[in-house]
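Here is the structure we will look at, set down as structure tokens.
The values are calculated or read from the model by the stated rules, or taken from the named source; none is laboratory data. Note that the structure is predicted; figures quoted are calculated from it, not measured. Cβ: placed from backbone, ideal geometry, glycine included. Neighbour counts: every protein chain shown.
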Amino acid sequence: MLLLVGLGNPGPEHAGQRHNVGFMAADAIVRRHGFSPWRKKFQGDVAEGSIGGVKLVVLKPATYMNLSGQSAAAAAQFYKIDLADVIAIHDELDLKFGKLRVKRGGGAAGHNGLRSLDQHLGQDYLRLRLGIDHPGEKHLVTNYVLGNFAKAERAFVETWCDAIADALPILVKGDEAGFMNKVHLLAPAPEDPAPRAALKKE
């Protein structure tokens, strides 16, 4: 059994924000693979299903980003899921917009959701890092990640999340490189994204 934790903030006011792309991907996975309806559990929203004969629990913590680990730890403990079988899906400032990388372990790099997961679970879980690019200056980061995706980006983000859902069976089989290749094939990152200075104003 695998636990997929989409990271984001609850509530409609946060739904379109860059920091919520983990929630967007989780929604696409549940929709694409016909998982159970979302239900309230573990201080979050949970849906269950299977892909390629492997059971998956998808969790969207409702604790707000900084306390995501509380929700994830409760789910992992209930289902007796080992840390090696936990997958976090999150926004990544250090990747260009539209790029995806899979990584196991590592630091939080200033991401409060990852920091909370590290505190409550440990660090050796798999991370699906969804690149949102960096606004360029550290003092701009908070407003940037809590800002909505720009109009020019939204159609791609929807396609991107669908591609992640479509390619997930490859990841479930343990083929991380194949998964990344499939996602990039289905949703190639934009060649010339709009300048960050323009995007952060939306």
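Condition first: at pLDDT below 95 and either among the hydroxyl-bearing types (Ser, Thr, Tyr) or outside any helix (DSSP H, G or I) (or both). Now tell me which residues in the range 148-164 satisfy that. If the condition is that a residue be at pLDDT below 95 and either among the hydroxyl-bearing types (Ser, Thr, Tyr) or outside any helix (DSSP H, G or I) (or both), then 150 is the only one that fits. How many residues does the range 13-22 contain that are of a type in the set (A, V, I, L, M, F, W, C) and surrounded by fewer than 24 Cβ atoms within 10 Å (Cβ to Cβ)? Selection size over the range 13-22: 1. Is it the case that some residue within the range 63-84 is at pLDDT 95 or above, surrounded by fewer than 22 Cβ atoms within 10 Å (Cβ to Cβ) and more than 23 Å from residue 119 (Cβ to Cβ)? No, the range 63-84 contains no residue that is at pLDDT 95 or above, surrounded by fewer than 22 Cβ atoms within 10 Å (Cβ to Cβ) and more than 23 Å from residue 119 (Cβ to Cβ). Please pick out the residue among 70, 17 that is out of contact with any strand residue (DSSP E or B) (no Cβ under 7 Å at 6 or more places or on another chain) and polar (S, T, N, Q). Step by step, each of 70, 17 is checked, and only 70 is out of contact with any strand residue (DSSP E or B) (no Cβ under 7 Å at 6 or more places or on another chain) and polar (S, T, N, Q).
For the range 88-110, what are the residues that are aliphatic (A, V, I, L, M) and farther than 18 Å from residue 181 by Cα?
88, 93, 108, 109, listed by residue number.
When residue 167 is tested against the conditions (1) outside any helix (DSSP H, G or I); (2) at pLDDT 95 or above, the lone failure is (1). Inside the range 15-56, can you point out the residues that are of a type in the set (Phe, Trp, Tyr) and more than 28 Å from residue 150 (Cβ to Cβ)? Of everything in the range 15-56, those that are of a type in the set (Phe, Trp, Tyr) and more than 28 Å from residue 150 (Cβ to Cβ) turn out to be 35, 42.
Just to verify a result, which residue in the range 1-18, among those that are touching a Phe, Trp or Tyr at 6+ places or on another chain (Cβ under 9 Å) and not in a loop (DSSP other than H, G, I, E, B), is nearest to residue 85 (Cα to Cα)? By that ranking, first place goes to 3. If you go through the range 133-171 and pick out every residue that is buried (at least 18 other Cβ atoms within 10 Å of the Cβ), within 30 Å of residue 54 (Cα to Cα) and touching a strand residue (DSSP E or B) at 6+ places or on another chain (Cβ under 8 Å), you end up with 4. Among residues of the range 51-70 that are among the charged types (D, E, K, R), those with a beta-carbon under 9 Å from a residue that is part of a loop (DSSP other than H, G, I, E, B) at least six positions away or on a different chain give the pairs 55/1; 60/7; 60/8; 60/10; 60/38.
Every condition in (1) among the β-branched types (Val, Ile, Thr); (2) under 22 Å from residue 161 (Cα atoms); (3) in a helix (DSSP H, G or I) is met by residue 142 except one, and the failing one is (2). For the range 120-136, the condition holds for at least one residue, the condition being that it is touching a Ser or Thr at 6+ places or on another chain (Cβ under 9 Å) and part of a helix (DSSP H, G or I). Scanning the range 35-50 for residues that are without any contact (Cβ under 8 Å) to a residue 24 or more places away in the chain and small (Gly, Ala, Ser) turns up 36, 47, 49, 50. Given the condition at positive phi and out of contact with any His (no Cβ under 8 Å at 6 or more places or on another chain), answer yes or no: does some residue in the range 82-90 qualify? Checked the range 82-90: no residue is at positive phi and out of contact with any His (no Cβ under 8 Å at 6 or more places or on another chain).
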